[in-house]
1. Please go through region 186-237 and pick out each residue that is among the β-branched types (V, I, T) and over 23 Å from T139 (Cα atoms).
2. Take the conditions of a type in the set (S, T, N, Q), farther than 23 Å from V369 by Cβ and surrounded by 21 or more Cβ atoms within 10 Å (Cβ to Cβ) and apply them to T2. Does it pass?
3. Look at region 378-399 and say how many of its residues are within 19 Å of the chain's Cα centre (by Cα) and either among the polar types (S, T, N, Q) or open to solvent by 10 Å² or more (accessible area, probe 1.4 Å) (or both).
4. Identify all residues within region 185-205 that are open to solvent by 20 Å² or more (accessible area, probe 1.4 Å) and either in contact with an Asp or Glu (Cβ under 9 Å, 6 or more places away or on another chain) or within 15 Å of A395 (Cα to Cα) (or both); write none if there are none.
5. Scan region 93-107 and report the pairs whose first residue is farther than 18 Å from L117 by Cβ and whose second residue is assigned to a strand (DSSP E or B) and open to solvent by 10 Å² or more (accessible area, probe 1.4 Å), with Cβ atoms within less than 6 Å and a gap of 6+ or a chain change.
6. Within region 132-167, which residues are outside any loop (DSSP other than H, G, I, E, B) and open to solvent by less than 60 Å² (accessible area, probe 1.4 Å)?
7. Can you pull out the residues in region 293-350 that are open to solvent by less than 30 Å² (accessible area, probe 1.4 Å), in contact with a Cys (Cβ under 7 Å, 6 or more places away or on another chain) and over 23 Å from Q180 (Cα atoms)?
8. Can you tell me which condition L87 does not meet? The list is (1) touching a residue at least 12 places away in the same chain (Cβ under 8 Å); (2) surrounded by fewer than 18 Cβ atoms within 10 Å (Cβ to Cβ), and all the others hold.
Amino acid sequence: MTKIYTYTQPVDADIVDAFCVLQKGFTDQFVFYDKTRKARFMGLGRCIALPSLRDVEYVVQGETGKPPILFSFNRFDAENPSPADELFASFPRLSLMLPEVVLIEDETGKYLQINSLGPVYAGRVARFSRHIREAKPRTRVTIPFELERDSREAWDEAVAAGLSAIEGGRVDKVVLSRRQKLVAAHPFSSKDLLVNLIDGPARGTVLLYRYGDVFFCGCTPELLVRKNDAAVESMCLAGTCAAGTDEAQRSRLAEELLHDQKNLQEHAYVVDFIREVFRRNCHDVEIPDHPGILPLQHVQHLYTPASAQVLEGKTLMGLMSELHPTPALSGTPVGEALMLIRQVEAYNRGFFGGAAGYVDGDGNGEFAVALRTGVFDGEIGWVYAGCGIVDGSVAADEYDEIDMKLKTILSAFDGECDA
């Protein structure tokens, strides 16, 4: 049995400013920061890595009885034999990571949490609290960069292979992706991109996982699963159109998307998959019959929420593993689509499209799908985005859709645009 000591106390500070002042001393960094709701967790250092919560016991210290927060970043296809790029290959294969320090903002307030394998002594609490009080307001920086464009011809071949598999009855849908190499004009830090994503126009949940001098980050719109005691939620997100240049165009494009049969079919595959997983693991499953629209900065998606009450004994980590990857990430049938992606794509996606999130010591928490993301070393990086291929897909249109989606992670390099 692993025993964890966790000390949590309220803080009167902006947790992002606090993170910026504390992060200099830690090479391991973890962020799950929901910009739309107060579910914000920023971890520093690694106290211990754990395979599961099954044999963990925690002891609460301090003024606030909050359980410890652990982070988890999971690869899109952990069994893919193709080598990942040199940046993704640098990350260890770990399940749950307990930071030494976690900054928390939730509906009850803002907190500093310190975790340890022995009792947390007062000096550590006082030192981190003092540094937080000294935190200055954060600033943003623009990082000029160049992209090495990927090949349109290679994309056309990949889409043709996907359409051939669909025509042959092997799959109904396959999600293909593109990646581009980014070369910055000057060195940049994980903090630079994190601040630009949090304070910039990107909508969704900001993710960061830094290990040594490499880091994975982005801002995703897609919830995979959220658990709060017996209540669980998920999100069916598939089908895309442009955001439009003004409100009138946005509304017109959204209305067209709601009636586009190709996109509706692509969305239905995801709804059916999530409904089936929830029915196996939950009761009182509620999923609307018709999708709505999720508007984002650069694109709009068909969106259907899902909620249920989880059966006794079912865990957040178990639900995550059953839900990931959904047909929105791989295709359908999921297993066959994964095999096709391995054949068609010349690279391993690493954490792109994986499940990233947090779980507390009581088993509650949430995972997002790591979309609109990239991996970097402070000088270069790779940025990723994908789209669903179904019968009737046109390679040129899908290429342009991915370019729209890439704007989100590229906005991390812009310190000028306002939220």
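The values are calculated or read from the model by the stated rules, or taken from the named source; none is laboratory data. In this text, all values refer to a predicted model and were calculated from it rather than measured experimentally. Every residue, glycine among them, receives a Cβ derived from its backbone with ideal geometry; neighbour counts consider all protein chains shown. The area values use the complete protein model at the heavy-atom level, side chains included, leaving out ligands, DNA and RNA. Shrake-Rupley method; radii C 1.70, N 1.55, O 1.52, S 1.80 Å.
1. Our first condition is that a residue be among the β-branched types (V, I, T); within region 186-237, this holds for 195, 198, 205-206, 214, 220, 225, 232.
Once the filter is applied, which keeps residues that are among the β-branched types (V, I, T) and over 23 Å from T139 (Cα atoms), region 186-237 yields V225, V232.
2. Details: of a type in the set (S, T, N, Q): yes; farther than 23 Å from V369 by Cβ: yes; surrounded by 21 or more Cβ atoms within 10 Å (Cβ to Cβ): no.
When the stated conditions are applied, T2 does not pass them.
3. Taking region 378-399 first, the residues within 19 Å of the chain's Cα centre (by Cα) are 381-388.
Right, trim to either among the polar types (S, T, N, Q) or open to solvent by 10 Å² or more (accessible area, probe 1.4 Å) (or both) and you get 382, 386.
Number satisfying all stated conditions: 2.
4. Taking region 185-205 as the starting set, the residues that turn out to be open to solvent by 20 Å² or more (accessible area, probe 1.4 Å) are 185-187, 189, 191-192, 199, 201, 203.
Listed by number, the residues that qualify are A185, H186, P187, D199, P201.
5. I104/F41; I104/Y111; E105/R40
6. Restricting attention to region 132-167, the residues satisfying the condition of being outside any loop (DSSP other than H, G, I, E, B) are 132-133, 145-148, 152-167.
Across region 132-167, the qualifying residues are I132, L147, A154, W155, A158, V159, A160, A161, G162, L163, A165, I166.
7. Scanning region 293-350 gives T304, A306, A308, V310.
8. Condition (2) is where L87 drops out.
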